[in-house]
Amino acid sequence: MAQGRDEPIFLTAAGRRRLEQRVAGYGGEVAELSSPDQGQPEGGDSGDAALQLVEADDRDLVRGLAARARDVLARARPVPEGPDDGVVRLGSTVRLRDGAGAESRLQVVDGAELDESAELVSADSPVGRALLGRRSGDEVAIDTPDGGYRVTLLAVEPYRASAPGGGA
């Protein structure tokens, strides 16, 4: 969710672990980009200088990503466990059915913990905003840049940090 630089960011337990792993991976990338190439000639040429500039840019990019991830971790607070009342909140996992009858399962999380998982949706996204506060059984209209569609909210599981996978 969009926060100021000093506001807390609420992460699921699984999201925090993924972010910590990402920071560790960034450290390995920086180390790899910082190590001198084995077997490169001492003198080098302009091609070597260009490659070194590209590697320096890549290293700075990865360092920036790591710094942003560490900032998120420093501001991170655990998502509170929600009541089992069928209302979608941050951390809830929902089961949806679209107009064609296909079912899907999503967890509503802060955008800071998104990764490649198709099972996560940012609370700030059009889908996340449409789901928050809704109840099991509701028909939900979702407006996206690609157009609108409707889903039926079949089930809402409250966030539980102690669940296998930390709620994700």
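We did not get these values from a lab; they are worked out from the coordinates using the rules stated. Note that the structure is predicted; figures quoted are calculated from it, not measured. Neighbour counts run over all protein chains shown; Cβ positions are idealised from the backbone, glycine included.
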Margin query: As I understand it, the dipole of the chain uses +1 on the Cβ of Lys and Arg and -1 on the Cβ of Asp and Glu, about the Cα centre. Which of Leu73, Gly86, Pro126 lies farthest toward its positive end?
Written below: Gly86
Next item on the list: Report, in degrees rounded to the nearest 10, the 0 to 90 angle that the Cα long axis of helix 46-75 makes with the longest principal axis of the chain.
Entry: 40
Item checked: Choice from Ser136, Ser104, Ser122 showing the highest fluctuation, given a GNM over the chain with Cα pairs closer than 10 Å -> Ser104
Next item on the list: Subtracting the Cα-Cα distance from 0.36 nm times the residue separation, let me have the gained length for Glu32 to Ala141 in nm, one decimal.
Entry: 34.5 nm
Item checked: Test item: Cα-centred dipole of the chain, Lys/Arg +1 and Asp/Glu -1 on Cβ, debye -> 1020
Checklist line | Stretchable slack from Arg105 to Leu51, in nm (0.36 nm times residue separation minus alpha-carbon distance) | finding: 15.0 nm
Check: If each residue's Cβ is checked for other Cβ atoms within 10 Å, how do Leu90, Leu65 rank with the fewest at the top?
Finding: Leu65, Leu90
Next item on the list: Please report Val79, Val87 as a ranked list, fewest other C-beta atoms within 10 angstrom at the top and most at the bottom.
Entry: Val87, Val79
